[in-house]
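Quick notes on the structure that follows.
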Amino acid sequence: MKEKNRFPIDGGPTKWASPFAVLKHTPRQVASPNQPVCNQSAPVSAVPKKNRGRVDIIRQTAHRGGKIVTVVTGFVGIGQAEKALLAKQMQKVCGAGGTAKDGRIEIQGDQRDAIARILIDAGFRPIFAGG
């Protein structure tokens with residue numbers, strides 16, 4: 001008959017092994033203060049990203065029932081398909097809805113900082129314009 005793993009109720013010793021005991025014996029990698037911690041699987045590019053031009057990030061509430069929408073305009077030399085991919089990435093990072101239409105990208109809510117980071121990574125130079 002199979003022995004069941006039960007804890008004694010009379011106060012006797014228990015057979016228990018910590019699941020974290022294995023971690024004590026593995027070497028830790030400690031980053032030096034001057035070296036940033038980064039993901040080793042991501043390729044590191046020594047070449048700076050191409051400057052793809054200036055884009056304006058605008059916060060609007062007009063004709064939207066008082067709700068704030070972040071609008072990115074001023075794309076030059078970029079197709080509608082790439083705008084749609086950028087819009088999809090912005091929606092995912094911001095956790096908000098949005099669309100790419102009429103040559104601009106609209107994201108719901110005041111998401112200017114997150115959108116600026118995405119655009120910088122894509123090689124654009126974002127400028128906060130308007131209110």
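Per 0.36 nm of contour for each residue apart, how much would the distance between A21 and K50 grow if the chain were fully extended, relative to their Cα-Cα spacing? Provide the component values of the computation, followed by the final result.
Numbers: separation 29, 0.36 × 29 = 10.44 nm, distance 4.82 nm.
Result for the pair: 5.6 nm of gain on full extension.
Calculate the spin-label point distance for I78 paired with T61, positioning each point 7 Å from the Cα along the beta-carbon direction, and give it in nanometres.
According to this spin-label approximation, the distance is 2.7 nm.
Hey, got a sec? Which trypsin sites (Lys or Arg not before Pro) in region 51-131 land in a DSSP loop and have at most 11 other Cβ atoms within 10 Å?
Here the sparse-neighbourhood loop sites are R64, K67.
Let me know the shape class of region 54-129, please: from the alpha-carbon gyration tensor, a ≥ b ≥ c as square roots of the eigenvalues, rounded when a/c is under 1.5, otherwise prolate if a/b is greater than b/c, or oblate.
rounded
Just so you know, all these numbers are worked out from the coordinates, no wet-lab data involved. Note that the structure is predicted; figures quoted are calculated from it, not measured. Because the Cβ atoms are built from the backbone with ideal geometry, glycine has one as well, and the counts that use them run over all protein chains shown.
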